[in-house]
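See below for the structure under consideration.
The values are calculated or read from the model by the stated rules, or taken from the named source; none is laboratory data. Computed from a predicted structure; not experimentally measured. Methodologically, a virtual Cβ is constructed for each residue, glycine included, from the backbone with ideal geometry; neighbour enumeration extends over all protein chains shown. For the accessible areas, the whole protein counts, side chains as well, though only heavy atoms, and no ligand, DNA or RNA atoms are used. Shrake-Rupley method; radii C 1.70, N 1.55, O 1.52, S 1.80 Å.
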Amino acid sequence: MFGEPRRLFVCTPSKLSAYTDCPRRYRFSYVDRPRPVKGPPWAHNSLGASVHNALRSWFDLPPGRRIPEAAATLLKAGWITDGYRDAAQQRLAFRTALDWLESYVARLDPAAEPVGVERTVATTTATLSVQGRADRIDERVGPDGRPEVVVVDYKTGRTGLDADDARGSQALALYAVAASRTFRKPCRRVELHHLPTATIAAHEHTVESLERQVRRAEQTAADIVAAERSVAGGDDPDQVFPPSPGSLCGWCDYRRHCPEGSATPGQEPWAAVERALTGPGSG
């Protein structure tokens with residue numbers, strides 16, 4: 001008789017990174033039911049989502065209307081107001097984001113059509129079923145002269161992104177593997193487009209480097225499955241899903257529920273946006 005097929009671990013890249021960053025946060029997000037109540041929304045998440053909304057809408061326009069002057073209407077239509085300190089900060093954030101957008105879209109070819117905009121791509125391995133939504137997927141001519149697809153990820157947060165960030169991103173690597181399967185074309189190149197600094201951090205993966213990232217993901221999934229089974233068997237969740245205390249605890253949605261995380265001073269919901277708007281090179 002045939003044995004029962006092995007159940008695949010269904011996940012997204014963000015689910016895997018939640019465990020890698022802090023097993024306790026993973027537990028609060030994906031294991032505990034009812035889920036602990038999150039803290040207030042973050043302004044920097046609202047800002048990033050608003051810019052992503054505008055860029056998605058940009059590619060919904062016919063090519064003749066893809067002009068920088070359209071950015072204001074698109075940004076306003078998809079603007080998210082959560083988390084800001086006050087109306088004045090929100091207005092400044094809008095003006096700053098509009099500057100980013102107008103500068104970015106001015107460099108885009110209005111006639112270029114991505115093969116995917118906020119496109120869900122998926123793939124499976126021996127142990128994983130992983131899917132995620134890529135900001136943009138372009139089709140370009142590869143180094144060998146044949147068509148390939150490229151994963152593009154928009155960033156509006158921290159500065160200093162470089163090729164190492166693109167190379168080390170497990171999410172981008174998994175998107176590349178999934179995009180290659182979805183579109184049936186090679187996908188080796190991944191790019192981080194940082195709108196505030198108008199820079200692109202890129203990396204050209206090899207088959208081997210993508211395989212390494214997949215193996216890392218599979219190992220993380222195996223650790224998660226083992227931990228979840230341990231809790232289901234009666235082990236203490238606090239021991240099985242330990243915290244990873246550090247500076248990021250101040251930004252954690254579940255800080256109030258974690259004694260170790262609560263030892264780190266919490267950040268105001270608008271703090272990251274305030275730094276971005278008043279830091280060097282802003283304005």
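Applying the selection to region 72-99, what residues are of a type in the set (S, T, Y) and either open to solvent by less than 60 Å² (accessible area, probe 1.4 Å) or over 21 Å from the mean Cα position of the chain (by Cα) (or both)?
Going through region 72-99, the residues of a type in the set (S, T, Y) turn out to be 73, 81, 84, 96.
Matches in region 72-99: T73, Y84, T96.
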**Study point:** Checking R56 against (1) within 20 Å of the chain's Cα centre (by Cα); (2) under 26 Å from A271 (Cα atoms), the condition it does not meet
**Key:** (2)
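Would it be correct to say that A171 is under 30 Å from A226 (Cβ atoms) and at pLDDT below 95? Show your work before the answer.
Values: under 30 Å from A226 (Cβ atoms): yes; at pLDDT below 95: no.
For A171, the condition - under 30 Å from A226 (Cβ atoms) and at pLDDT below 95 - is not met.
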Review point. Which ones in region 165-199 are under 18 Å from G48 (Cβ atoms), assigned to a loop (DSSP other than H, G, I, E, B) and not hydrophobic (A, V, I, L, M, F, W, C)?
Key: S169, P196, T197
Practice item. Can you confirm whether region 244-262 contains a residue that is among the basic types (K, R), open to solvent by less than 70 Å² (accessible area, probe 1.4 Å) and in contact (Cβ under 8 Å) with a residue 12 or more places away in the chain? Key: yes
Review point. Residues A176, A221, A202, A226: which one is in contact with a His (Cβ under 7 Å, 6 or more places away or on another chain), modelled with pLDDT of 95 or more and of a type in the set (G, A, S)?
Key: A176
Check your understanding: Looking at region 127-146, which of the residues that are basic (K, R) and in a strand (DSSP E or B) is surrounded by the fewest Cβ atoms within 10 Å (Cβ to Cβ)?
Key -> R140
Study note, to complete from the structure: Within region 203-224, residues being open to solvent by 10 Å² or more (accessible area, probe 1.4 Å), touching a residue at least 24 places away in the same chain (Cβ under 8 Å) and in a helix (DSSP H, G or I) number 9
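Here's the yes/no breakdown for (1) part of a strand (DSSP E or B); (2) in contact (Cβ under 8 Å) with a residue 12 or more places away in the chain; (3) surrounded by fewer than 20 Cβ atoms within 10 Å (Cβ to Cβ):
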| position | (1), (2), (3) |
| --- | --- |
| A201 | yes, yes, no |
| A226 | no, no, yes |
| Q267 | no, yes, yes |
| A276 | no, yes, no |
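Name the residue that is nearest to A232 (Cα to Cα), counting only residues in region 15-43 that are open to solvent by 60 Å² or more (accessible area, probe 1.4 Å) and assigned to a helix (DSSP H, G or I). Quick ask: steps written out before the conclusion?
Here is the first cut: in region 15-43, the ones open to solvent by 60 Å² or more (accessible area, probe 1.4 Å) are 20-21, 25, 30, 33-35, 37-38, 40-41.
Narrowing the set further to residues that are assigned to a helix (DSSP H, G or I) leaves 20-21, 25, 30.
Numbers: T20: 20, D21: 22, R25: 18, Y30: 14 Å.
Selected residue: Y30.
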